[in-house]
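As structure tokens, the structure follows; a few thoughts come after it.
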Amino acid sequence: MNILGREVSTKVIAVVAGVMLLAALLPALSNTPTREVTLVAKGLAFYLESDLSTPNPTLEVKAGERLRVVLRNQDRGMTHDFAVPAVDAVSKNINWNESGEVVFDVPDTPGTYEYVCRPHSLMMRGMIRVH
């Protein structure tokens, strides 16, 4: 093989190796949630944005998935947050007419995990059911 052929071969191998490395690292580098849930805080309860009739709904999720929870506060004069103590996930405090979010990895172990609004945990609490 001549020198030009070796240079091309070396460059092709380097490009292929780089692409393979990038493909292997991409899932680990990605913080993109696999699922998003929007909750509305009103009347000292959580509601799914798509179902404002069921207070403090049970959220059904898959073990190990990444979840982004967006909380919209519609409780005038109240500050709320969203916390999942089992995974140490908590949003910032959210004032009336504001939104906040928290992104976390759902536990790998199936089961039921609690979510709460820490300032109003006696009333604003629900369950995350992990399958």
Task: Where ILE128, ILE13 fall by accessible area, highest first, once all protein chains stay in place (1.4 Å) - done: ILE13, ILE128
- [ ] Could you tally the net charge around THR34, taking each other residue with its Cβ under 12 Å from the Cβ of THR34, Lys/Arg +1 and Asp/Glu -1?
- [x] +1
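Per-residue counts of other Cβ atoms within 10 Å, averaged by peptide: what ranking do you get for 74-82, 55-63, highest first? Don't skip to the end; give the middle numbers.
Working: 74-82: 17.2, 55-63: 14.9.
Highest-to-lowest ranking by the protection proxy: 74-82, 55-63.
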Open item on the list: Which lysines, if any, have their Cα less than 26 Å from the Cα of LYS11, not counting same-chain residues under 8 positions apart?
Closed with: none
- [ ] For the range 37-104, report the translational diffusion coefficient in µm²/s to the nearest whole number, using Stokes-Einstein at 20 °C, 1.002 mPa s, and a Kirkwood Rh over Cα pairs.
- [x] 175
TODO: With a 1.4 Å probe and all protein chains in place, put SER53, SER9 in order of accessible area, largest first.
DONE: SER53, SER9
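Beyond 17 Å, how much of the Cα-Cα pair distribution for the range 69-131 remains, as a whole percent? Write down the numbers at each step before the final one.
Numbers: 750 of 1953 pairs.
The share of Cα pairs beyond 17 Å in the range 69-131 comes to 38 percent.
Please work out the FRET efficiency for the pair ASN95 and GLU36, using the Cβ-Cβ distance as r and a Förster radius of 22 Å; give the result to the nearest 0.05. Show your work: numbers first, answer last.
Values: r = 22 Å, r/R0 = 0.99.
Calculated transfer efficiency: 0.50.
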TODO: Place the peptides 35-48, 97-110 in order of packing, highest mean first, counting for every residue the other Cβ atoms within 10 Å and averaging per peptide.
DONE: 35-48, 97-110
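The values are calculated or read from the model by the stated rules, or taken from the named source; none is laboratory data. The shown structure was predicted, so the numbers you read here are calculated from the model rather than taken from an experiment. When we count neighbours, we look across all protein chains shown, and the Cβ atoms used for this are built from the backbone with ideal geometry, even at glycine. SASA here: full protein model, heavy atoms, side chains in, ligands and nucleic acids out. Shrake-Rupley method; radii C 1.70, N 1.55, O 1.52, S 1.80 Å.
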